[in-house]
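Here, each number is a calculation from the coordinates, and none is a lab measurement. It should be emphasised that the depicted structure is a prediction, and the values quoted were computed from it without experimental measurement. Please note: Cβ atoms are built from the backbone with ideal geometry, for glycine as well, and neighbour counts cover all protein chains shown.
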Amino acid sequence: MIRAKELVLHFESLGDNCEFGLLQRRCGSEPLGFFRWNWTTLDSLLSVLDDGFEHVGGAAEIEVFTNPANGELMVRMPRYSFSYHTHKFEETTAIDELRAQQLKVQEFLKRKTLEDLRSAGKIYVRKGNDTQFLADAERLHAALRRYGPNTLLWVVPEDESHPRGTVEMVSDGLLKGYIDRLAPYTTSVDLSPFWVDVCRHAYGLWQGDYLAGTTIGRHVSASATNLLRRDYIENALGWSGPWTSPAASSEVSDFAGPGEARWSRVNEHRLIEETTPRSPAIFGYAIPHGLSPGTVYVASTFIYIPADADIEAVAVVVAGYSSLRIVRADATTRGRWQRIATAAQVPTDLMRAIPSLHIVGRAGARVYSAGWQMEIGWDPKPYAASNAGGLPMYQPGSEE
């Protein structure tokens, strides 16, 4: 079996963000690629492919700017709306020297990319919010094929019929891979361990003489993939939006969590004013991308209602969606944790959701929540931690 380190060298990222480039690094490989560290929209990618990279490498086509979050110097290409990392920092790098160096890098990567496209010796990888439908993938596939018989691996979130790791041959040179989740755009290092499965199965289809409709996959465990990543939870406490009562507060608590989710964050939600079924308090988290349109997901959390809390109802809602199945809190159960959940279907034009907590009660009442989870399916599985980054998936030299 080909090692992961060599496997990922047969693939080249077409951008969106750095996720696939980080996968290659995690596997111990550092290939050179024009789009490896590049933020690109589908439209900008199609533009540069259509004009043959004509405006790449010109002095007037490059800007250097500082990332305010960490001081890293970034490169922007305004004509194509590209931007990418340089891994250099303003306190140790002269901007003029960096600009001159990046012009040489762009000229080199332009030549390399055009040679690779004409030789059709790689599998090109694209995923993201703007490449979720077949028509999107077909436009990109057609643009690649104008250079030669290139292969596109189009990666989307898994659905009920296509579990994580599955790859399907849609047509000659167009592969569709399914993954449990995409990394958050704000934390690209939070990689799914199933990326290598997708690559391995795509490589098998690419190497073989298979007909359209052929699918390769393997059995996967029934354990949950918690789509509420740590990054979403840490940045979204106290989320507010059009459904939220302004008369409520939410904060991290040191209250002891449930045994089933003892390592999860515990939040205290307090009503400042009375709420009703028509004007509930809602606290929640936003999953901004990575859901499969038309697929049913279940959002769940553990909640604790203190004995003295004047609470009438607590439920999970997926804001803006119609709930298909709801397990509400038993408002008479006090002093212990209970799990509540709601299953909802993602509209066919969306990849995002806002699983939230719906509370009806008197002013001063409080409720604790912990162990938030959102996963594919109708019923919640045992809680799965959502630690971003996690352990290395593959060590250099690993056979897997």
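What to note about this one:
- Thr215-Glu30 FRET efficiency (beta carbon distance; Förster radius 35 Å; 0.05 resolution): 0.65
- Sites Leu324 and Leu46, calculated FRET efficiency, Cβ-Cβ separation with R0 51 Å, nearest 0.05: 0.85
- Using a Förster distance of 25 Å, the FRET efficiency for Glu260-Thr186 (Cβ separation, nearest 0.05): 0.35
- Sparse-neighbourhood loop sites, GluC sites (Glu not before Pro) in segment 249-286 - DSSP loop, at most 14 other Cβ within 10 angstrom: Glu273
- Cβ crowding within 10 Å, taken as a proxy for footprinting-reagent exposure, orders Ser221, Ser119, Ser386 from fewest neighbours to most as Ser221, Ser119, Ser386.
- Proxy reagent accessibility, fewest Cβ within 10 Å first, across Lys176, Lys5: Lys5, Lys176
- Charge context of Tyr383, other residues only, Cβ under 15 angstrom, K/R +1, D/E -1: +3
- Sorting Glu160, Glu375 from the fewest to the most surrounding beta carbons within 10 angstrom yields Glu160, Glu375.
- Set of lysines near Lys176 by C-alpha distance (under 16 Å), chain-local residues within fewer than 8 positions excluded: Lys122, Lys127
- Counting only the Cα atoms, the chain fills a convex hull of 154 Å³ per residue.
- Å³ per residue enclosed by the Cα convex hull of segment 4-216: 114
- Using alpha carbons only: equivalent-ellipsoid semi-axes of segment 109-169, gyration tensor based, whole Å: 25, 12, 10
- The helix-only estimate of mean residue ellipticity at 222 nm for the chain, built from DSSP H runs of length n ≥ 4 each weighted as -39500 (n - 2.57), is -6000 deg cm²/dmol after division by the residue total.
- Rounded, prolate or oblate (a/c below 1.5 giving rounded, otherwise prolate when a/b exceeds b/c) for segment 253-332 by Cα gyration tensor: oblate
- Segment 230-376: C-alpha gyration tensor shape, a/c 1.5 cut-off, then a/b vs b/c: prolate
- With θ taken as phi - 60° and the Karplus curve 6.51 cos²θ - 1.76 cosθ + 1.60 applied, the whole-hertz 3J(HN,Hα) list for segment 328-339 is 7, 6, 7, 5, 8, 8, 10, x, 8, 6, 9, 9 Hz, x standing for glycine and proline.
- Between Ser253 and Glu312, the contour length at 0.36 nm per residue exceeds the Cα-Cα span by 19.0 nm.
- Alpha-carbon Rg/Rh ratio, for segment 127-207, with Rh computed the Kirkwood way: 0.97
- Whether segment 98-237 is rounded, prolate or oblate, judged on the alpha carbon gyration tensor where a/c under 1.5 counts as rounded: oblate
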